[in-house]
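What follows draws every value from the coordinates through simple rules; no lab data is involved. Quick caveat: nothing in here was measured; it's all calculated off a predicted structure. No Cβ is skipped: glycine too gets one built from the backbone with ideal geometry, and neighbour counts run over all protein chains shown.
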Ligand SMILES: Cc1cc2nc3c(=O)[nH]c(=O)nc-3n(C[C@H](O)[C@H](O)[C@H](O)COP(=O)(O)OP(=O)(O)OC[C@H]3O[C@@H](n4cnc5c(N)ncnc54)[C@H](O)[C@@H]3O)c2cc1C
């Protein structure tokens, strides 16, 4: 089967066709429906490539000597068996990168994803959300993201289209609307329980992201206005003319503050003065910095401090414009929130109709609880991507603790490849081959 897009139908053509046929509109409807589903998922959980090669090789099974050949298509029909060598949990960019590498290695696997449609967290961001780098620097292994046809960096919608086309291109075996509820031991295998059944696996790759576990600090005081998190923000329109407090000095906080500036009466609150990266630094440069740091640490050289040493906020065009127009004035963190709004230590106060907490996320790992792995600050100790106490479990995405830039589009390919190499090599127990 030819898994490539039909000849002459680049990504733009596919996009155009989507718009022409109304598929795009249906996509929007799905987005709305999926937001509802996503809330349910959050309730459930919440409580919890080296850069991709630009070679002409488009088939993940081709081109590597010494590995097993890909399995026949019928062997990949997991509806029948419910067993696999590897179960990948999560079908966002990290799960897809894992799928590509597993297919290339010829391993038998299935990807289980809680959502009804592709895109991972990218289908839930706010309307103006854009990548912090151009498409050419946002690539999964095997196939770079097609250029964004509009001005500026790609939109979240473009990323969703890319991920959807990517999984189609490589015919990745993804089962959608199947939420993993628990991973436990079953003799020498893993039992992967879902809301619709059970899978038996020799190894598990967990790639469930963080979007589903928003973090909000506890702030007593009986605030009566709206309390939102980054994940709830859609766009500035609903806040027009309102008094809005945005809390957080990271990328989400800066971008949402820039989005609201000039529309709402904005108060932007950050714990420390905002640290903008130099304007020319984008996602590609961040990846290079993270890679240099890893290489330095691996070769016993001094810690280069990595990305953290540069600053926190990528000056994407919207942020740059708002900042340069003087619209992003920051206030220090308030001491408390009373019923009407924030109160600062010097006694000043401000009315707020809404407070938007852009205070980050935690790894979404609730499904791994039955394995009783020790966690530190919500993270499972890892060596590379492999769980220290569970060599057949790999964690992908989430953050730098699963490998440099593993939680970015450009970086996850390298860590996915490392995880699959480790599984092939036996991951401590020669479990797979
Ligand atoms: C606001 C924001 C902006 C960002 N901007 C950039 C950027 O510009 N460039 C960049 O490279 N990175 C960016 N990132 C970081 C990163 O690329 C994204 O967070 C990305 O979505 C992470 O992909 P993922 O596959 O790890 O997780 P997700 O996209 O969250 O995918 C996880 C998948 O797992 C599924 N899932 C979750 N739990 C279960 C379960 N129990 N069972 C089954 N399925 C489950 C979910 O449905 C989802 O589809 C940004 C992140 C945020 C939050």
**Request:** Take each of the peptides 386-394, 343-351, 368-376, 155-163, average the number of other beta-carbon atoms within 10 Å over its residues, and list them starting from the highest.
**Result:** 155-163, 386-394, 368-376, 343-351
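Once the piece of chain linking residue 302 and residue 383 is laid out straight, how much longer is it, given 0.36 nm per residue of separation minus the C-alpha distance between them?
Full extension of this stretch gives 27.1 nm more.
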**Asked** For residue 279 and residue 421 in the same chain, what is the full-extension length gain: residue separation times 0.36 nm, less their Cα-Cα distance, in nm?
**Response** 47.4 nm
**Fill in**
Here the residues of the range 123-143 lying in the modelled label zone of residue 292, meaning backbone nitrogen under 17 Å from a point 7 Å along Cα-to-Cβ, are none
**Request:** Would you mind checking the range 236-253 for residues with the amide N under 15 Å from a putative spin-label position 7 Å along Cα→C-beta of residue 353?
**Result:** 236-246
**Contour minus Cα-Cα distance for residue 200 and residue 331 (0.36 nm per residue)** = 41.9 nm
**Inter-probe distance in nm under a simple model that places probes 7 Å from Cα toward Cβ, at residue 338 and residue 224** = 1.3 nm
